[in-house]
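Participant: One structure follows; several queries about it will come next.
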Amino acid sequence: MDETMIITLSVVMAVAAVLLAAVSMLMAGLEGAIVRVTRANVNNAMIDLQTDGELSHFSRMKLVGRMHRVQRLLANRHAASAACSFMRITCNVLIGALVACITGLFSFPWWCSLIAGLVAALLMAAVSMVVRPRDAHSMEPLEFLLKHVSLAMTAFYMVPVARGERNQNKRAELSDDEALEKLQQDQGKAALERMIETNRFDPEVSEMLRSIMLLSDTLTREIMVPRTDMICIEQTETLGDFLRLCSRSGFSRVPVIGSDVDDLVGIAYLKDAVRATSYNPKALDRCVQSIVRTAMLVPESKPVDDLFHEMQVTRHHVAMVVDEYGGIAGMVTIEDAIEQIVGELEDEHDRKQHEEPEQLEDGSWSMPARTPIADLEEIFALNIEEDDVDTVYGLLTKILGRVPIVGSSAVTHGLKLTAVDSAGRRKKVSTIVVERVPVESNEETGKQQKQPAGDGTEQKDEEDE
């Protein structure tokens, strides 16, 4: 082999060794980032990404794709970290082999080549341990992981050991911070249980203390109002429509939407509408979008204790819950979080939910919303074949296709169901009046009728009759 060929091969192998060293350092950084990134960090970053108006659609979708790859890595955290560690060690070994080959090309004794390769591999391993590139990215592990997620995914699918580590238990999937926090919470719960068992506290206080400790284990999705139960108003409606909706539904904060629920514009507040229209009746014709406030967005996987603290700091009483894909999953209020501590908050009207059906003077029946359909069938001697609903409230909701509010009415199976009262903190319909309708009205059975209130629910208002 001539001298030119030897020099060319040496340069190529040296460049390969340098590239392998760079890959080894990146793998060390990814190995540390994977065990540090928490799922809460990813969820919060996803919400910030979805609400960032400065990004173009192409850039946003590109970053969302990276976020989803990061979520897949975190779902197999232990296996992904092991794959990066395996690739880092492999790169160090290959660097030693290349250095040994380079020394062999220049006619050094075999034992010199062996020692040179061993020293190079140990030196690279020492750099990974002493310089510790993993610590260099400990302050921004999510940004580093997003930047090099393609390299991490390649290592995850290429390394055979990763496929054998995917079935690890859930404890192995926690990050270092999450594991430490969980250990501290378990110790605190154990200490609290020992104090409660000594009977030094009142039973109600003991139950409240237990509820406080469980806040960190309760997720926002468990206490939120699902999107199917949300009362919304379209951005094209007027302030007059909004005031009527608030009067009938009992809510003072209503989400404002565009084409659908996922097209969230913001939150409209009753006090803002009253302030705008009380001394200016002409403002009733203004668009409700003129008083919209920016909505607070939280991920559905956010623990309730963190949610409660964030709502206190930001002074928000209502927040919109976002799922992992950026869609609206529901809404949550600060009262929902408080109920997890002090228990269900009921008012003087909630007793109506537990009353029995009562016949009125005009022959119609006043029924609690929770009345089973079987009781309705027995009273009116009908066979209502609705297998997917169990209560009178569920039947009215199914006919309307949206959440009923006071004044909502619909006709089905020769019966007219009208929501006449609401109760509870969430202002859900509590009483429904059921009456027979003339035979000629049966043709309208199951048909949805128009509602003038502007809440997006198709219904007939009693004032139009």
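The values are calculated or read from the model by the stated rules, or taken from the named source; none is laboratory data. Computed from a predicted structure; not experimentally measured. Because the Cβ atoms are built from the backbone with ideal geometry, glycine has one as well, and the counts that use them run over all protein chains shown.
Participant: Can you find, within the range 383-426, the residue that is nearest to L245 (Cα to Cα) among those that are touching a residue at least 12 places away in the same chain (Cβ under 8 Å) and of a type in the set (D, E)?
Facilitator: Once the filter is applied, the top-ranked residue is D421.
Listed here are the residues, each with its yes/no results for (1) in the same structural domain as V64 (by TED's automatic domain parsing); (2) of a type in the set (A, V, I, L, M); (3) farther than 25 Å from N44 by Cβ.
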position	(1), (2), (3)
V225	no, yes, no
G240	no, no, yes
A276	no, yes, yes
T314	no, no, no
I328	no, yes, no
M331	no, yes, no
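Participant: What is the residue count in the range 9-41 for residues that are in a helix (DSSP H, G or I) and under 34 Å from the mean Cα position of the chain (by Cα)?
Facilitator: Number of matching residues: 14.
Participant: Among the numbered conditions (1) in a helix (DSSP H, G or I); (2) under 28 Å from A17 (Cβ atoms); (3) of a type in the set (G, A, S), tell me where S107 comes up short.
Facilitator: (1)
Participant: Sticking with this structure for a sec: Is it the case, given these coordinates, that A295 is among the hydrophobic types (A, V, I, L, M, F, W, C) and not in a helix (DSSP H, G or I)? Walk me through it before giving the result.
Facilitator: On the way: among the hydrophobic types (A, V, I, L, M, F, W, C): yes; not in a helix (DSSP H, G or I): yes.
Taking the combined requirement at face value, the residue satisfies it.
Participant: Looking only at the range 134-161, how many residues end up being at pLDDT below 80, in contact with a helix residue (DSSP H, G or I) (Cβ under 6 Å, 6 or more places away or on another chain) and surrounded by fewer than 20 Cβ atoms within 10 Å (Cβ to Cβ)?
Facilitator: Residues flagged as at pLDDT below 80, in contact with a helix residue (DSSP H, G or I) (Cβ under 6 Å, 6 or more places away or on another chain) and surrounded by fewer than 20 Cβ atoms within 10 Å (Cβ to Cβ) within the range 134-161 amount to 1.
Participant: Can you say whether K398 is within 19 Å of V437 (Cβ to Cβ) and modelled with pLDDT of 85 or more, as far as the supplied structure shows?
Facilitator: When the stated conditions are applied, K398 does not pass them.
Participant: Any residue at all in the range 78-91 that is crowded, with 16+ Cβ neighbours inside 10 Å and within 17 Å of V12 (Cα to Cα)?
Facilitator: yes
Participant: Moving on. Going residue by residue through the range 417-429, is there one that turns out to be part of a strand (DSSP E or B), modelled with pLDDT under 80, crowded, with 23+ Cβ neighbours inside 10 Å and not assigned by TED's automatic domain parsing to the domain that holds R244?
Facilitator: Let us first name the residues in the range 417-429 that are part of a strand (DSSP E or B), namely 417-423, 428-429.
Imposing the further condition that a residue be modelled with pLDDT under 80 reduces the set to 421-423, 428-429.
Narrowing further to those that are crowded, with 23+ Cβ neighbours inside 10 Å: 429.
Pick out the ones that are also not assigned by TED's automatic domain parsing to the domain that holds R244 and you get 429.
Scanning the range 417-429, I find at least one residue that is part of a strand (DSSP E or B), modelled with pLDDT under 80, crowded, with 23+ Cβ neighbours inside 10 Å and not assigned by TED's automatic domain parsing to the domain that holds R244, so the answer is yes.
Participant: Could you check the range 358-370 and list, in sequence order, the residues that are at pLDDT 85 or above, more than 11 Å from V420 (Cβ to Cβ) and assigned to a loop (DSSP other than H, G, I, E, B)?
Facilitator: Within the range 358-370, none qualify.
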